[in-house]
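Taking it in order: structure first as structure tokens, then the write-up.
Read-outs throughout are calculated quantities, based only on the coordinates presented, and are distinct from any laboratory measurement. Computed from a prediction, not measured in an experiment: that's the story for all the values here. All Cβ positions, even for glycine, are placed from backbone atoms using ideal geometry, and neighbour counts span all protein chains on display.
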Amino acid sequence: MFDNANNRNQTEQALHESEARFRSLIESAPEGIFVQSAGRFRYLNPAACRLFGASRPEDLLGKDFMERMAPEFHALIRERIRLQRETGKPAPLMEQEYLRLDGSRVPVETTAVPVRYQGEDAHIVFVRDVTERRKFDAALRESERFLNDVVENVPDMIFVKDAQDLRFVRFNKAGEQLLGYRRESLLGKNDYDLFPRQEAAFFIKTDQEVLANKRPHDIPEEKILTAGKGERILHTKKITILDESGKPKYLLGISEDITERKQAEAALANLHKLESLGTLAGGIAHDFNNIISSIMGNLSMLQSDMKSGGESLELVEEAQQACETAKGLAQQLLTFAKGGSPVVKVMDLRPLLARAAGFATRGSKTRCVFELDENPLPVNVDKEQVAQVIQNLVLNAMQAMPEGKTIAIRAAPVTLGEGEHPPLAAGRYVQVEVEDQGTGIPQEHLPRVFDPYFSTKTKGRGLGLAMCYSIMSKHGGHINAASKPRSGAILTLLFPAVAAEDIRPEPERPALIAGQGAILVMEDEALVAKTLKRMLARLGYRPESVENGQDALDAYRQAQEAGQPYAAVIMDLTIPGGMGGEEAMGKLLALDPKAKAIVSSGYSNDPIMAEYAAHGFSGVLGKPYRIEDVSAALRRVIGSDPGRRAP
């Protein structure tokens, strides 16, 4: 009997020790634990007291535990209690909110287990404060929203592909706009579903290389055919996204549309090419103009000696026409010259278009159809240079249609927005289109059509479109070529527009007028000087010539001292190895502020020729010239001032 009593005491002691250890564990648990029975608190550990904002368990023991539950969860909690009673199974995890004694809320995660407690059916509830986790989740969601906003608002296309099958799993807004597809129609597709086979194969190949190497890959330039914007040029970077085990999970791509930038770079490269060519072309044209000056001058005098009609006069006229053609070629070369500026004047572009196109199509089977705006199209241009542009474009169109079809020439005012047509600034322009019905320009040739000497023709100099490009650039405008196979080509010109009230009527060409007085010629080319002196003598003047600026100053001073001043001086602008016209003019005005001088040069596009008055000159005479040109220049300068004539 004593043994049984001892055993019972030992069992009770072990039970008390076990309960003490269990209570110690519960009391020190970091999570809240409480027991509720019949809807009231029966036990709370310290963590549960802290969670409810109670300083001791007695603050809550015996109280209705539902009062500490947020009202919106009451119905759900009662249903969970009912199910636990029926099944006897623990309740699954649930997120809810408790009410602290101070009325504030605390987010918690709870689970409950049905138990017997002090002889009653009860539930032991395990509670975890998830305030920090909710803050972390909210921060994570905010971070995801922020990253999504960044991705969606980046102006570059961003896409993500699954590393296993290389199908698209994400596209941003810029990608939709660039490719011309809705996002829903892109996701789940691969490159073969969206692009031509050759392009798709290239994209897939680079994707596979990036995934295999697990290193970022940069593609500085790749062409892509889009449904929204046609052919575009992209700068693409591809990056491998790895999973936790280090294996490729996704492929991230970032593509910048650099089409406009490449177009601007190409335009700048064209300008550099033309500038280097111009250095050579300017020198050749200058010498060429000197030679033509002598020929044209002598022919014009010979022509004036001949009677009307006869074969000899016809031969002279044909030679004059040949000189005019040579003059035009020299003018084209000068257009490339570095620093050469157009001699501009405000005019209505419409008559110039009609004359230039008519001249180019004269005697051909090709017909020009004009669609010109009904109002004047005022532009500030060099009419000779712009006529060359139109004639070249029309001749190119005719060569594309040897059987002779129709060339459409359209002109109208347009307004360009910022960045709409690089490299031009926003503003008002006059747009001219020359469209043929030929076979078109191959796409691979379009980027090079404005290169000097690039041509697909078996005949011709290959300067035409390059010259047009240079002229348009120097007018502050632009030229662009567009074409579709078998649909002809469209060449578009854009001229800066000016006010219509600035248009001035063309002056009539003056007749040949004789004069008198001494004229000093400063010309280093002996043949040109000899021809010019003959012209002056024929016009009634007394010509004298010198070879450089210093000799001209000495001769001018001596004539003044002798009381026989020159009526005018004709100065060559460029004297190799000696004082040229610009320097000599400054010193001549210091010698005689009333001196009248005409600047002459084979560099007819030189800025001094365009702004001669700003450099002290009274007139301008571009080489090559005829006797009529010399007569008109002198009469404009000398006028009717008898004080500037020799007795």
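Setting aside same-chain residues fewer than 8 positions from Lys262, which lysines have a Cα under 29 Å from its Cα?
Excluding near neighbours in sequence, the set is Lys161, Lys173, Lys205, Lys223, Lys229, Lys237, Lys238, Lys273, Lys338, Lys457, Lys474, Lys484.
Taking the beta-carbon count within 10 Å as an exposure proxy, list Ile407, Ile81 from fewest neighbours to most.
By the 10 Å Cβ count, ascending: Ile81, Ile407.
What are the residues whose amide H is under 5 Å from the amide H of Leu539, where those residues sit 5 or more places off or on another chain and H is modelled from the backbone?
Residues meeting the criterion, in which the H sits 1.01 Å from N, do not exist here.
Which longest uninterrupted range of the chain lacks any trypsin sites (Lys or Arg not before Pro) assigned by DSSP to a loop state (not H, G, I, E or B) and surrounded by at most 11 other Cβ atoms within 10 Å?
With trypsin sites (Lys or Arg not before Pro) excluded where exposed in loops, the chain gives 1-181 as its longest stretch.
Compute the projected area of the convex hull of the Cα atoms of segment 19-134, averaged over all viewing directions, and report it in nm² to one decimal place.
Average of the hull's projected areas for segment 19-134 equals 7.2 nm².
Could you list which residues have their amide H under 5 Å from that of Ala518, counting only those 5 or more apart in sequence or on another chain, with H placed in the peptide plane?
Residues meeting the criterion, in which the H sits 1.01 Å from N, are Arg542, Ala567, Ala646.
In degrees between 0 and 90, to the nearest 10, how far off the longest principal axis of the chain does helix 74-87 point, with axes built from Cα atoms?
50
Once phi is turned into ³J(HN,Hα) by the Karplus curve 6.51 cos²θ - 1.76 cosθ + 1.60 with θ = phi - 60°, what whole-Hz value does each residue of segment 594-602 show in order, with x for glycine and proline?
9, 4, 10, 9, 10, 8, 9, 6, x
So if a site counts as exposed when it's one of the GluC sites (Glu not before Pro), its DSSP state isn't H, G, I, E or B, and it has at most 12 other Cβ atoms within 10 Å, what's the longest stretch of the chain without one?
Details: sites that count: Glu244, Glu374, Glu403, Glu418, Glu420, Glu444, Glu508.
Longest stretch, sites excluded: 1-243.
Under 5 Å between amide H atoms, partner at least 5 residues away or on a different chain: which partners does Thr226 have, H built in plane at 1.01 Å?
Excluding prolines and chain starts, which carry no amide H, the hits are Glu231, Arg232.
Going by alpha carbons, how many degrees (0 to 90, nearest 10) lie between the helix axis of 349-361 and the longest principal axis of the chain?
Computed tilt is about 70 degrees.
Given 5 Å bins starting at zero, what is the percent of C-alpha pairs of segment 518-644 in each, up to the one with the largest pair distance?
Answer for segment 518-644: a P(r) of 2, 12, 24, 27, 23, 11, 2, 0 percent.
Taking the Cα atoms of the chain alone, what are Rg (to one decimal) and Dmax (as a whole number) in Å?
Just the Cα atoms of the chain yield Rg and Dmax of 46.5, 170 Å.
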